[in-house]
Amino acid sequence: MNAKDWVLAVDGSQRDEPVVILVSPGGALAWSAPPTGPAPVLITAVRDALVTHRGRIGSVVAVSGPGSYMGVRGGLAAALGAAQSLGCRLALVGMLEVIAAQIDPGRGRVLALADAGRGGTFGQVLEPARAPGRRNNWRPCGRAQLLSRELPWPPSWSGLRGAIGGPGEGRVLPDGIRSQSPLRDRARALAWVVAADPPAIPGYDRITAEYAEPVGAR
């Protein structure tokens with residue numbers, strides 16, 4: 001029997017096609033859903049991952065946002081259902097952490113950005129995180145923020161070495177911040193974040209078959 005050492009990762013947060021991948025130990029992409037397929041794409045991709053590789057999946061990671069409202073909800077629902085059906089741990093990561101993971105951590109902080117629609121911008125400052133025995137990654141410095149089109153750039157977003165991601169329609173980067181060229185696509189960036197072993201949700205209840213018994217059965 002195969003060891004259950006793969007991670008199912010689900011990201012429905014962005015406006016384009018969702019990302020559903022399986023990550024093997026070390027952060028390598030073991031399987032990736034095709035970019036297009038029968039609707040609903042996200043649910044179909046998670047189902048295909050479970051049908052094909054159920055015996056190898058030992059945990060699930062979902063992207064919790066910020067991002068598309070319906071996309072985030074769909075991704076979380078699919079990930080929760082998968083984790084419950086497998087009886088395994090479930091962890092959450094931020095969408096802007098995944099965007100930051102498109103580049104390698106350096107010596108300074110970086111600004112991760114994403115288009116929020118209608119002239120708005122999602123943004124978060126991250127710094128290099130180095131933990132013994134774990135892959136170097138980015139660590140959030142405070143919460144992600146939503147900047148509407150009327151608001152200026154926050155002072156906390158100034159003085160950074162660079163930015164990764166797009167600020168959205170009609171927005172330009174703050175003065176002095178240079179746009180970083182991504183080294184990884186979304187799928188490989190998500191695998192990079194998963195390889196850092198995000199902590200499981202505290203108090204998450206692994207639903208068992210007992211909960212499926214008909215009312216009055218006991």
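Every number in this text was worked out from the coordinates using simple rules, so none of it is lab data. These numbers come from a predicted model, not from an experiment. Heads up, the Cβs are rebuilt from the backbone with ideal geometry, glycines too, and the neighbour counts pull from every protein chain shown.
Based on DSSP, what percent of beta bridges with both residues in the chain are antiparallel, to the nearest 5?
Around 60 percent of the beta bridges assigned by DSSP in the chain are antiparallel ones.
Ranked by the mean number of other Cβ atoms within 10 Å of their residues, highest first, the peptides 80-89, 115-124, 3-12 fall in the order 3-12, 115-124, 80-89. Mean residue ellipticity at 222 nm, helices only, the chain: -6500 deg cm²/dmol; runs of at least 4 DSSP H residues each add -39,500 (n - 2.57), and the sum is divided by the number of residues. Put simply, the amide H of Arg161, placed in the peptide plane, has neighbours under 5 Å in Arg109, leaving out anything fewer than 5 places away on its chain. For the peptides 144-150, 93-99, 182-188, residues were scored by their other Cβ atoms within 10 Å and the scores averaged per peptide; the highest-first order is 93-99, 182-188, 144-150.
This structure gives Cα Rg over 2.2 N^0.38 Å, computed directly, and of (i) 1.34; (ii) 0.97; (iii) 1.08 that value is listed as (iii).
Which residue, chosen from Gln145, Val41, Ser179, occupies the Cα position most advanced towards the positive end of the dipole of the chain, where the dipole is computed from +1 (Lys, Arg) and -1 (Asp, Glu) charges on Cβ about the Cα centre? My answer, from the dipole projection, is Ser179. Its Cα centre serving as origin, segment 64-184 has a Cβ charge dipole (Lys and Arg +1, Asp and Glu -1) of approximately 380 debye. At a threshold of 8 angstrom on Cα-Cα distance, excluding pairs fewer than six apart, so keeping six or more, what relative contact order does segment 96-179 reach in percent? Rounded, it is 33 percent for segment 96-179. For the chain, the Cβ-based charge dipole about the Cα centre amounts to some 420 debye (Lys, Arg positive; Asp, Glu negative; other atoms uncharged).
Neighbour counts of C-beta atoms inside 10 Å place Ser24, Ser59 in the sequence Ser24, Ser59, starting with the fewest.
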